[in-house]
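A short write-up of the structure that comes next.
The values are calculated or read from the model by the stated rules, or taken from the named source; none is laboratory data. Note that the coordinates shown come from a computational prediction; the quantities given were computed from them, not determined experimentally. No Cβ is skipped: glycine too gets one built from the backbone with ideal geometry, and neighbour counts run over all protein chains shown. Just the protein is used for accessible areas: all its heavy atoms, side chains included, with ligands, DNA and RNA removed. Shrake-Rupley method; radii C 1.70, N 1.55, O 1.52, S 1.80 Å.
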Amino acid sequence: MMLQENQMSSEDSLIALRMESVVKTFGTVRAVDGVDIQIKDRERVALLGENGAGKSTTIRIISGLMKPDSGMVRIYGHRPSSIEAKRYIGYLPEDASPYLNLSVRENLEYIGTIRRTENLQDRIEFFLDMLGLREMEKQKPLTLSRGNRQKLCLALSIIHQPRFAIMDEPLNYLDIPTQEKVFEYFEKMNATFLVSTHILSIARRLTSKVIILSSGKKVWEGQITELEELTEGTKTIESIVSELMKHVS
Ligand SMILES: Nc1ncnc2c1ncn2[C@@H]1O[C@H](COP(=O)(O)OP(=O)(O)OP(=O)(O)O)[C@@H](O)[C@H]1O
């Protein structure tokens with residue numbers, strides 16, 4: 001049976017991300033060098049790698065912000081740049097910025113409306129309270145502290161209850177009490193997660209699986225419990241991950 005672009009086969013509904021042989025070069029740099037990634041629906045995956053390993057480029061390609069030179073990417077069976085894929089995705093870039101000419105509340109209202117958010121007003125009130133932004137709701141983003149701006153960007157990326165949250169360093173700049181609230185909220189979200197981070201404690205709390213990139217290649221993939229076993233009770237998980245990052249095939 002032929003499926004229309006806006007329909008999903010039962011197999012597609014079980015696979016959030018299918019990425020095959022993806023290559024992206026910048027001049028002579030192979031930022032992403034033949035990467036295959038498959039993420040199941042509701043799976044929570046951390047993307048790890050040294051500076052320049054290709055994490056942000058990979059995430060930008062998956063989110064539909066950047067086209068690969070070659071290879072195939074599908075989000076629940078759809079091309080990342082399609083309207084269908086965009087409905088699934090909640091993307092928080094590393095250098096996220098809200099609309100600078102809109103207030104905190106106006107940003108939430110605008111993005112929430114564009115993303116066709118159900119119960120938008122309730123969602124706005126919820127995030128203003130949860131993230132401690134209520135006192136600042138009339139302020140423009142440039143008058144906020146870096147951390148409060150990050151809180152707003154985080155809320156904007158998940159206001160529409162995305163089925164697939166793709167996040168580059170989501171807890172950057174957040175104070176510890178807010179980090180705890182965000183951890184709790186993410187735990188309750190019924191969503192697939194792909195999170196790029198340098199902080200292993202964040203990967204361990206937010207995800208159950210790890211993919212390690214090095215020089216644009218996938219060099220390791222496995223459960224966090226497997227990483228913990230590799231420590232043999234003597235090494236730190238950070239030292240194990242550092243070793244794995246050096247293994248370029
Ligand atoms: N727009 C661009 N133009 C040229 N080179 C780029 C561009 N974006 C990324 N690169 C290069 O591609 C490689 C991968 O960069 P990327 O930002 O994906 O790495 P990363 O793993 O996210 O690094 P970090 O942990 O430092 O954020 C690097 O060598 C980087 O210099």
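Between helix 104-114 and the chain there is an angle of about 70 degrees, using the helix long axis and the longest principal axis of the Cα atoms.
Structure remark: mean-square fluctuation, Gaussian network model of the chain, C-alpha springs under 10 Å; the largest value among 179, 121, 150 belongs to 121. What lysines does residue 138 reach when the alpha-carbon gap must be under 26 Å and sequence neighbours fewer than 8 apart in one chain are set aside? Within the straight-line cut-off, residue 138 pairs with 151, 181.
What is the sum of charges, Lys and Arg at +1 and Asp and Glu at -1, for the other residues whose Cβ falls under 9 Å from the Cβ of residue 159? So the surrounding residues net to +2. Within the full protein context, the accessible area of residue 185 is estimated at about 30 Å² for a probe radius of 1.4 Å.
Taking the 1.4 Å solvent-accessible surface of region 38-191 as the whole, the part contributed by carbon and sulfur is 48%. The distance linking region 159-205 with region 77-101 is 16 Å (Cα centroid to Cα centroid, whole angstrom). Placing pseudo-labels 7 Å out from each Cα toward the beta carbon at residue 137 and residue 38 gives an inter-label distance of 4.6 nm. For the chain, excluding the exposed loop sites themselves (trypsin sites (Lys or Arg not before Pro), DSSP loop, at most 14 other Cβ atoms within 10 Å), the longest remaining stretch covers 139-234. The residues of region 14-114 present an accessible area of 45 Å² per residue when probed at 1.4 Å with all protein chains retained. Between residue 26 and residue 226, the contour length at 0.36 nm per residue exceeds the Cα-Cα span by 68.6 nm. Build a GNM of the chain with springs between Cα atoms under 10 Å apart, and of 230, 152, 128 the one that fluctuates most is 230. Charges were assigned to the Cβ only: +1 to each Lys and Arg, -1 to each Asp and Glu. The resulting dipole of the chain about its Cα centre is roughly 580 debye.
In the assembled protein chains, residue 178 presents an accessible area of approximately 10 Å² (probe radius 1.4 Å).
Test of the criteria: in region 184-235, which GluC sites (Glu not before Pro) are in a DSSP loop and have at most 16 other Cβ atoms within 10 angstrom of their Cβ? Counting only loop positions with at most 16 other Cβ atoms within 10 Å, the GluC sites (Glu not before Pro) in region 184-235 are 232. Here region 40-62 and region 126-153 have alpha carbon centers that stand 27 Å from each other.
Partners of residue 24 within straight-line reach, counting lysines whose Cα lies under 28 Å from its Cα and excluding those fewer than 8 residues away in the same chain: 40, 55, 67, 86, 209, 217, 218, 246. Quick check: the angle from helix 120-130's long axis to the longest principal axis of the chain, C-alpha only, nearest 10 degrees? That helix lies at roughly 80 degrees to the long axis. Note on region 152-249: antiparallel DSSP beta bridges, both residues inside, total approximately 55 percent of the bridges counted. Here region 66-225 carries DSSP beta bridges of which approximately 45% are antiparallel, counting only pairs with both residues inside. Helix 176-188 against the longest principal axis of the chain: what's the angle in degrees, Cα atoms only, rounded to the nearest 10? The angle comes out near 80 degrees.
Calculated mean residue ellipticity, 222 nm, the chain: -10000 deg cm²/dmol, from DSSP H runs (n ≥ 4) at -39500 (n - 2.57) each, averaged per residue and rounded to 500.
Using C-alpha pairs below 8 Å separated by at least 6 residues, the relative contact order for the chain is 24 percent. How many Å² of accessible area per residue for region 176-218, probe 1.4 Å? Value for region 176-218: 42 Å² per residue.
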